[in-house]
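Report on one structure; see the data block that follows.
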Amino acid sequence: MSRIELRNLSLAYESENKRFLALENISLSIESGEFVCVIGSSGCGKSTLLGVLEGLIFPSSGEALIDGVPITGTGPERSVVFQHYSLFPWMNAKQNVAFGIRQVNNASKKEANEIAEDFLIRVGLKDFMDKLPAELSGGMQQRVAIARALAVNPKILLMDEPFGAIDAKTRVQLQELLLSLWGADAERKTVVFVTHDTDEALLLSDRIVFMGPRRIEQEIHVPFERPRRESTFFSKPEYAELRKNLVSLFYRDVAQNIGGEEVLI
Amino acid sequence: MKKYILNVPNLLFVILAALVSFAPSRLDARNPMSPAFAFVIAIIAVEVFFLYKLKSGRDATATKDIAAFAYAALLLWELLTSKLDILKYIFVPAPENVFYVFVKFGLTILSGFERSMLLLTAGFSAALFFGVLLGILIGWTPRLRNAVFPVVKVFSTVPALIYTPYLVVLMPTFATASILVIFLGIFWSTLMNTINDVGTIDKRIIDSAKILNVKTKVMLFQVILPYLLPRIINSLSVQLNISVMTLNAAELIGADRGMGYFVKRSIDYANYDQAIAGIIFIAIVLTALNSLILVAKGKLIKWHY
């Protein structure tokens, strides 16, 4: 069980004499085992929304609940993969993963190392366990981050544009890796995945939550059966149709934001 | 092989060594000259170090330039004093005499070195330990930080040299006084820097640790401390130089032995050859300690911000 529910959630950043509303009246429920992508243009508040689920930012009003319990901070049932720089630069890949494990269960150093090795093998980093993050490519670093997030066996996986800074080819590999790891679990993890890439959202998710500035504008059901593979997926006509809708939402949004005068597509 | 032998520094080395060993000294007639062998050994040591650096160092041009400059300076010194007797001997002693001090007063210098190092290590490591420990604790606790930081800032602006004489009078022994002086000389700045560093630490590192559900103790000593370690080590050389400065200043006032005391007493008795030898010794010790810090940094820190 790991149901996420947001009720009338609003969040404002306040500094000395300014108040910036980042989220306004958000209501959303995500079922246990569901893969949801939150998509929207930069600055729409999607990362803030994820920050609330992470337990790092707190709403000004409304509620964020996991299985009916309000979020009061970070928790062992949730894991996070950030876009950048989430590994500790002084620890090698294995130490990074093992460090995460040892914070949530009482595993001995040896046990934690064994679990870490197992997960690093599963993300394809068998030969890179002793490398420091700076010695790994961006894609490999994200593999380590994914291994660290999954190694604690969370119920909920929160991902904040994890592949946003990765080159296109590696991104495809990481998406497929993520799908296969997620699909391999008997009891699937609930995933909330923030992205601004429409193809990524369509490939990965059961449901796409499209955010305009501060608000959820539309929820789009993604009906394709799993397992999905990049190679066959993009040629489907239903895919083209959905993608067209999603992209048009994006551009309508952009057009509204800049007054509808400068969009020449 | 050719490039190690045929160069300007080596030419100067040969000239200098020959001049010291074989040319008659004009000073000899009026003033007692010390045996030249200590100076010759020093020159040979410089040459050995130069050849080692030339072989293992990266920048051969810089190595040669530095060596050439060093030999030129020694040559000038040798010529102006013992060979031509142009400078007033009493104020600018000949290099032969200066380096002979290491032979004649070797034991005194070593015992002073031992004493100074003891005081330095005690004061320096205590200041570093408490400065970093308290800095992390205070820096991590917003209320404490807001209350303490302005006060620390005030304290850290007062140079320890100013109240050194007072502390020497105040404390029961000179050893405790100088340890305290060294401690205060770098404690406040270490504390201030650490509080500052904790406050400006990359938020993504803190967030990553938070989402891994670390306990406060782990956050402070397994995340923040290792993250700050390169900065702490980088600051060590500056802190070390400040410590040696405050220690030497304290030694000018109340010591009975020590590196700074040796220089000060020599000046008091107008033994300028001893004073210069003492200054050279302090320079060598400081340089050695600084290289030690660099080596430690290379071994400990394998990553960059």
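Within 10 Å of each Cβ in A:51-64, how many Cβ atoms from other chains are there, averaged over the peptide?
Mean partner-chain Cβ count within 10 Å for A:51-64: 1.
Zone of B:ILE293 (label point 7 Å along Cα→Cβ, backbone N under 19 Å): which residues in the range B:104-135?
Those under the cut-off are B:116-133, B:135.
Return a whole-number percent for the relative contact order of the range B:106-300, with Cα pairs under 8 Å and 6 or more residues apart as the contact set.
Relative contact order for the range B:106-300 comes out at 30 percent.
Please report, for the Cα atoms of the range B:2-103, the Rg to one decimal and the Dmax as a whole number; what are they, in angstrom?
14.5, 47
If I model a spin label at A:THR232 and B:VAL48 as a point 7 Å from the Cα along the Cα→Cβ vector, what separation in nanometres do I get?
Taking the simple label geometry, A:THR232 and B:VAL48 are separated by 7.7 nm.
Which residues' amide hydrogens lie under 5 Å from the amide hydrogen of A:VAL38, considering only partners 5 or more residues apart or on another chain, with H built in the peptide plane?
A:PHE193, A:VAL194, A:THR195, A:VAL209
Between A:ARG215 and A:THR72, how many nm apart are label points set 7 Å from Cα along the C-beta direction?
3.3 nm
Once Rh is set to the Kirkwood radius over Cα pairs, what Stokes-Einstein translational diffusion coefficient, in µm²/s, holds for the range B:106-300 at a temperature of 25 °C and a viscosity of 0.890 mPa s?
Rounded to a whole number, D works out at 135 µm²/s.
So which residue, out of B:THR81, B:THR194, B:THR141, gets the largest mean-square fluctuation from a GNM of chain B using Cα contacts under 10 Å as springs?
In the Gaussian network model the winner is B:THR141.
Report the Cα centroid-to-centroid distance between the range A:1-75 and the range A:102-165 in angstrom, as an integer.
Cα centroid to Cα centroid, the span is 26 Å.
Fully extended, how many nm does the chain gain between A:HIS196 and A:THR170 (0.36 nm per residue separation, minus their Cα-Cα distance)?
7.7 nm
From other protein chains only, count the Cβ atoms within 10 Å of every residue's Cβ in A:123-135, then give the mean.
1
If R0 is 41 Å, what FRET efficiency do you get for B:ILE162 and B:ILE301 from their C-beta distance, rounded to 0.05?
0.75
For A:96-104, what's the mean count of beta carbons from other chains sitting within 10 Å of each residue's beta carbon?
Rounded to a whole number, the mean comes out at 3.
Write down the percent of antiparallel bridges among all DSSP beta bridges whose residues are both part of the protein assembly as shown, to the nearest 5.
55 percent
Using alpha-carbon positions, what is the distance between the centroids of the range B:250-266 and the range A:183-247, in Å?
77 Å
Between B:LEU76 and B:LEU133, what length comes free when the chain is fully extended (0.36 nm per residue of separation minus the Cα-Cα distance, one decimal in nm)?
Length gained, B:LEU76 through B:LEU133: 15.5 nm.
Could you work out how far apart the two model spin labels at B:ILE284 and A:LYS109 are, taking each label as a point 7 Å from the Cα in the direction of the beta carbon, and quote it in nm?
In this crude spin-label approximation the distance works out to 4.2 nm.
Once you charge only the Cβ atoms, +1 for Lys and Arg and -1 for Asp and Glu, what is the size of the charge dipole of the protein assembly as shown about its Cα centre, to the nearest 20 debye?
Dipole size: approximately 1380 debye.
A short reminder: the numbers here are calculations on the coordinates, not readings from a lab. Worth saying up front: this structure is predicted, and the values here are computed from it rather than measured. Every residue, glycine among them, receives a Cβ derived from its backbone with ideal geometry; neighbour counts consider all protein chains shown.
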